[in-house]
1. Can you pull out the residues in the range 77-93 that are touching a strand residue (DSSP E or B) at 6+ places or on another chain (Cβ under 7 Å) and either closer than 13 Å to Cys54 by Cβ or in a strand (DSSP E or B) (or both)?
2. Here are some residues: Val98, Val44, Val65. Which one is under 12 Å from the mean Cα position of the chain (by Cα) and closer than 22 Å to His8 by Cα?
3. When you scan the range 144-162, how many residues do you find that are part of a strand (DSSP E or B) and surrounded by 12 or more Cβ atoms within 10 Å (Cβ to Cβ)?
4. Of the conditions (1) under 24 Å from Val129 (Cα atoms); (2) outside any strand (DSSP E or B), Ala25 fails just one. Which one is it?
5. Looking at the range 111-143, which of the residues that are crowded, with 18+ Cβ neighbours inside 10 Å and small (Gly, Ala, Ser) is farthest from the chain's Cα centre (by Cα)?
6. Residues in the range 124-136: is at least one assigned to a helix (DSSP H, G or I), touching a Lys or Arg at 6+ places or on another chain (Cβ under 8 Å), more than 30 Å from Leu6 (Cβ to Cβ) and at pLDDT 85 or above?
7. Find the residue count for the range 46-76, including only residues that are among the polar types (S, T, N, Q), part of a loop (DSSP other than H, G, I, E, B) and in contact with a Ser or Thr (Cβ under 9 Å, 6 or more places away or on another chain).
Amino acid sequence: MTPPNLDHPTLAEVKSRFGDRRLLASEFRGQTTLVVEAADLHDVLAFLRDDQKCQYDHLIDLTCVDYLRYPRQAGGPEGRFGVIYNLYSREYGRRLFVKVMCTPTLDTSGTEDDPALHLPTVTDLWPGVEWSERETFDMFGIRFDGHPDLRRILTFEAFPAHALRKDYPLRGRGERETYEVVHRDDA
């Protein structure tokens, strides 16, 4: 088995700028991922966008993964939720994934505001990420501080949980059974 190819040109730039920060880099099937701490997220992403040697001017996607009951690898990042930013530099034709891990401190079954599930918004860097941040909030409960309009986007406002969390029951918690059906004649 060949060792991971961690010669992605951006990693050297990030290390020279943020060498005093806790960073972790990995490579899988030719894709490089940089794992950063939540406190450093906005600074690292702003650097990746603005630095002349990086120029990650396009945020392709923002998504989240629930790692509940996922086997941990030695030396890998710790956390239940991985919020992943898929960046692309049109100038250099490079892709980089930036991941930040979040671990809930409260019971994850409800919609309570857990301080450990807060990240800074990046709508000031890439305005188009506004809907992706709303979707991540709605489906996983990750809140983006400073977001201009953080509210549910796929479920109704009073929905009692976050449907893409792995501890959410497949059949729901009775939402289908108590949902009021509106017939055509009643509308």
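1. As a first pass, look at the range 77-93 and keep what is touching a strand residue (DSSP E or B) at 6+ places or on another chain (Cβ under 7 Å): 77-88, 90.
Correct list: Phe81, Gly82, Val83, Ile84, Tyr85, Asn86, Leu87, Tyr88, Arg90.
2. Working: Val44 fails: under 12 Å from the mean Cα position of the chain (by Cα); Val65 fails: closer than 22 Å to His8 by Cα.
Of Val98, Val44, Val65, the one residue that is under 12 Å from the mean Cα position of the chain (by Cα) and closer than 22 Å to His8 by Cα is Val98.
3. So the first thing to find is which residues in the range 144-162 are part of a strand (DSSP E or B), and the list is 144-145.
Filter once more, keeping what is surrounded by 12 or more Cβ atoms within 10 Å (Cβ to Cβ): 144.
Counting residues in the range 144-162 that are part of a strand (DSSP E or B) and surrounded by 12 or more Cβ atoms within 10 Å (Cβ to Cβ) gives 1.
4. (2)
5. Result: Gly141.
6. Our first condition is that a residue be assigned to a helix (DSSP H, G or I); within the range 124-136, this holds for 127-136.
If we keep only those that are touching a Lys or Arg at 6+ places or on another chain (Cβ under 8 Å) too, we end up with 134.
Then drop every residue that is not more than 30 Å from Leu6 (Cβ to Cβ), which leaves 134.
Okay, now just the ones that are also at pLDDT 85 or above, so 134.
Yes.
7. Start the filter on the range 46-76 by keeping residues that are among the polar types (S, T, N, Q), which leaves 52, 55, 63, 73.
Pick out the ones that are also part of a loop (DSSP other than H, G, I, E, B) and you get 52, 55, 73.
Of the ones still in play, those that are also in contact with a Ser or Thr (Cβ under 9 Å, 6 or more places away or on another chain) are 55.
Looking only at that region, the number is 1.
So that you can scan it fast, the table gives a plain yes or no per residue for (1) out of contact with any strand residue (DSSP E or B) (no Cβ under 8 Å at 6 or more places or on another chain); (2) among the hydroxyl-bearing types (Ser, Thr, Tyr); (3) closer than 21 Å to Phe140 by Cβ:
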site: Arg21; (1), (2), (3): no, no, no
site: Glu27; (1), (2), (3): no, no, no
site: Glu37; (1), (2), (3): no, no, yes
site: Asp43; (1), (2), (3): yes, no, no
site: Leu48; (1), (2), (3): no, no, no
site: His58; (1), (2), (3): no, no, no
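The values are calculated or read from the model by the stated rules, or taken from the named source; none is laboratory data. Every value quoted in this text rests on a predicted model; they were computed, and no experiment measured them. All Cβ positions, even for glycine, are placed from backbone atoms using ideal geometry, and neighbour counts span all protein chains on display.
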